[in-house]
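The values are calculated or read from the model by the stated rules, or taken from the named source; none is laboratory data. Given the structure is predicted, the values throughout are model-derived calculations rather than measurements. Here the Cβ is made from the backbone with ideal geometry for all residues, glycine too, and neighbour counts use every protein chain on show.
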Amino acid sequence: MRVSRRAQLSLRTLALAYLTILLLIPLGIIFYRTFEHGVSAVVDSITTPAAVSAFWLTIEIVGIAVVLNTIFGVLLALALVRSKIRGKGIIQAVVDLPFAVSPVVVGVSLILVYGTGGWFGTWFVDHGVQIIFSVPGMVLATIFVTVPFVVREVEPVLREIGTEQEEAAATLGASRWQAFWRITLPSIRWGLGYGVILTIARALGEYGGVSLVSQSKPGESQTLTLLVKSRYDNLDVSGAYAAATLLMLIAVVALIIMTVLDRKKTNA
Amino acid sequence: MSRPRSEPVPADGLTPAAGPGTGVSDPPGPSSRGRARRRLPEGTIGLGIGSLWLSIIVLLPLAAVAAKALDGGLGDFWDAATAPAARSALGLTLVVSAIIAIVNAVTGTLIAWVLVRDVFPGKRFVNALIDLPFAIPTIVASIVLLSLYGSDSPLGLHLIATRPIIVIALMFVTLPFVVRSVQPVLMEADREAEQAAATLGASNLTIFRRIILPTIGPALLSGIGLAFARAIGEYGSVVLVDGNIPFKTQVTSQYIAQRIESNQDGVVDTAAAANSIVLLLIAFFVLLALRLIANRGSRHHAR
């Protein structure tokens with residue numbers, strides 16, 4: 001297809017204009033709005049006790065979600081690629097399911113299982129464990145929405161590298177664990193890393209699900225995303241902007257890491 | 001998420017084929033634990049543990065929603081799903097999602113094309129930028145839109161609590177889907193057919209219509225499907241800007257949330273569960289239908 005120079009430039013301009021209007025201008029505006037009243041006001045805003053505890057709660061929840069989904073994600077990827085069981089398609093479909101579920105529905109589903117009146121609600125209450133309206137519920141919601149990433153990123157890598165090296169290791173006397181730790185894991189590291197950073201980014205940004213299963217109590221059950229909403233609700237718009245900018249900076253860092261890992265993954 | 005899932009490849013010489021001597025089972029050699037015992041097929045335990053995990057985390061909660069939705073029988077389910085406010089919300093949700101599906105089909109293909117076929121300074125940056133909506137929390141997107149289209153909008157546009165703002169929000173969050181679906185296919189597309197057609201005198205439009213479009217067709221449909229499924233469930237990015245006005249600007253996710261929040265102790269009523277199931281079913285069927293169409297399309301064009 002021989003595209004004339006003029007057409008090529010027009011297409012390029014159209015695409016870039018669309019992206020600028022949709023992405024760059026909004027981001028620019030929020031940076032401007034946030035720092036409109038000076039940097040120190042922003043720093044104050046993100047170092048309030050509520051903000052600091054929101055930050056640490058977010059880190060805690062994201063950490064748990066990442067660790068669990070990494071372990072089970074690699075396990076599932078290995079099982080999906082290496083096993084000879086039938087019905088793997090169903091498991092793959094279930095892994096992809098969270099992509100099709102609205103965050104609100106995630107919250108609804110968890111309340112129906114772990115909340116009062118839910119399937120196991122009374123059991124948990126009897127044992128003194130609060131799931132809904134407390135951190136465990138928020139962790140479960142975050143885990144739910146981040147299930148697919150590690151599996152989907154590790155699976156193709158595993159498929160590509162095959163089992164030759166591990167078989168060789170086995171003939172040389174390596175145990176399954178040794179083979180896994182020293183051969184499998186290093187060979188999937190870029191795909192795994194990419195899946196992990198996607199998990200982190202998604203977990204950081206989780207809002208709909210956690211907002212339904214949390215009472216958003218400052219210092220207790222309020223993540224950074226919930227902090228943004230809470231400040232907006234309390235008419236602290238500049239505070240909301242500050243928290244949002246903090247989240248956005250973290251997101252940009254995540255995006256940079258994503259880009260780097262993606263390139264390493266493709267070049268590996 | 002810059003690569004679509006690769007389909008399982010049956011025989012590429014790398015995946016362990018069925019047969020003796022393949023796979024890591026009872027290896028020969030001095031360290032062989034070669035007892036003559038029957039082993040489970042390779043990976044069964046891992047698959048079992050993984051399935052258990054998936055069941056507890058994903059399937060169990062979703063089953064609870066289905067159960068609650070059907071708690072009072074199909075009649076109650078239908079009533080809950082067709083309540084006036086629910087119907088209005090669903091109608092709005094589907095319309096805006098369909099709109100952005102079409103918008104994304106065009107803009108996503110355009111952007112993918114420019115990223116693959118064009119060369120310009122800063123292209124890598126632009127490419128990385130596409131993933132931004134994946135990285136940004138939805139509530140942040142919402143507040144960004146608020147600053148742009150709210151009362152002190154620098155553009156003079158005041159779109160808060162209107163329907164167009166929902167479309168704009170959805171355009172933001174669904175940007176990457178079509179682009180990332182079509183990009184790899186375009187990159188790998190064999191240009192010989194295009195060049196051959198050009199030498200035979202085909203116009204660019206014809207080449208696009210008859211060669212390129214069929215090639216990217218399945219990926220395009222897949223991207224549209226993902227964008228649509230994402231759009232119908234979208235909550236965080238619209239929650240600050242659309243005003244949540246029933247019958248006017250309330251989408252289904254907000255309707256469900258409202259049902260929960262208006263109940264005491266956040267108890268889930270049938271209406272919330274029923275509408276959740278509706279969303280799930282729509283997403284499921286759209287993705288299924290698009291997959292079927294894509295499969296038929298690629299079979300049709302396969303040599």
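Within segment A:9-57, the only residue that satisfies the criterion of being at pLDDT 90 or above and among the basic types (Lys, Arg) is A:12.
Table: residues versus (1) within 18 Å of the chain's Cα centre (by Cα); (2) not in a helix (DSSP H, G or I); (3) not polar (S, T, N, Q).
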residue: B:201; (1), (2), (3): no, yes, yes
residue: B:207; (1), (2), (3): no, no, yes
residue: B:225; (1), (2), (3): yes, no, yes
residue: B:244; (1), (2), (3): no, yes, no
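Out of everything in segment A:1-48 that is small (Gly, Ala, Ser) and assigned to a helix (DSSP H, G or I), what residue ends up being surrounded by the fewest Cβ atoms within 10 Å (Cβ to Cβ)? Filtering segment A:1-48 for residues that are small (Gly, Ala, Ser) and assigned to a helix (DSSP H, G or I), the one surrounded by the fewest Cβ atoms within 10 Å (Cβ to Cβ) comes out as A:40.
Looking only at segment B:181-235, filter to residues that are away from every other protein chain (no Cβ under 11 Å) and among the hydroxyl-bearing types (Ser, Thr, Tyr); which one of those is farthest from residue A:98 (Cα to Cα)? The selected residue is B:215.
For segment A:169-268, the helices (runs of 4 or more DSSP H) that sit wholly inside it and include 3 or more residues that are surrounded by fewer than 16 Cβ atoms within 10 Å (Cβ to Cβ) and out of contact with any Cys (no Cβ under 9 Å at 6 or more places or on another chain) are A:176-179, A:237-267. Has segment B:155-173 got any residue that is surrounded by fewer than 15 Cβ atoms within 10 Å (Cβ to Cβ) and facing chain A (nearest Cβ under 10 Å)? The answer is yes; a qualifying residue exists. Screening residue A:57 with (1) assigned to a helix (DSSP H, G or I); (2) more than 30 Å from residue B:52 (Cα to Cα) gives one miss only, at (2). Residue pairs whose Cβ atoms lie under 7 Å apart, separated by 6 or more positions or on different chains, with the first residue in segment A:90-112 and hydroxyl-bearing (Ser, Thr, Tyr) and the second not in a helix (DSSP H, G or I), are A:102/B:235.
Scanning segment A:119-152 for residues that are of a type outside the set (Val, Ile, Thr), buried (at least 23 other Cβ atoms within 10 Å of the Cβ) and at the interface with another protein chain (Cβ under 8 Å from one of its Cβ atoms) gives A:140, A:144, A:149, A:152.
Screening B:71, B:79 for residues that are in a helix (DSSP H, G or I) and surrounded by fewer than 17 Cβ atoms within 10 Å (Cβ to Cβ) leaves exactly one candidate, B:79.
At pLDDT below 90, over 16 Å from the mean Cα position of the chain (by Cα) and not aromatic (Phe, Trp, Tyr), is that true of residue A:229? In short, no. Each residue in segment B:84-101 was checked for being surrounded by fewer than 22 Cβ atoms within 10 Å (Cβ to Cβ) and in contact (Cβ under 8 Å) with a residue 12 or more places away in the chain, and 8 pass.
Taken over segment A:59-94, the criterion of being under 21 Å from residue A:158 (Cβ atoms), more than 7 Å from chain B (Cβ to nearest Cβ), surrounded by 21 or more Cβ atoms within 10 Å (Cβ to Cβ) and out of contact with any Lys or Arg (no Cβ under 6 Å at 6 or more places or on another chain) is satisfied by A:66, A:69, A:73, A:74, A:77.
Mind telling me which of the residues A:155, A:166 ends up being among the acidic types (Asp, Glu), assigned to a helix (DSSP H, G or I) and surrounded by 24 or more Cβ atoms within 10 Å (Cβ to Cβ)? First the steps, then the outcome.
Numbers: A:166 fails: surrounded by 24 or more Cβ atoms within 10 Å (Cβ to Cβ).
The unique qualifying residue is A:155.
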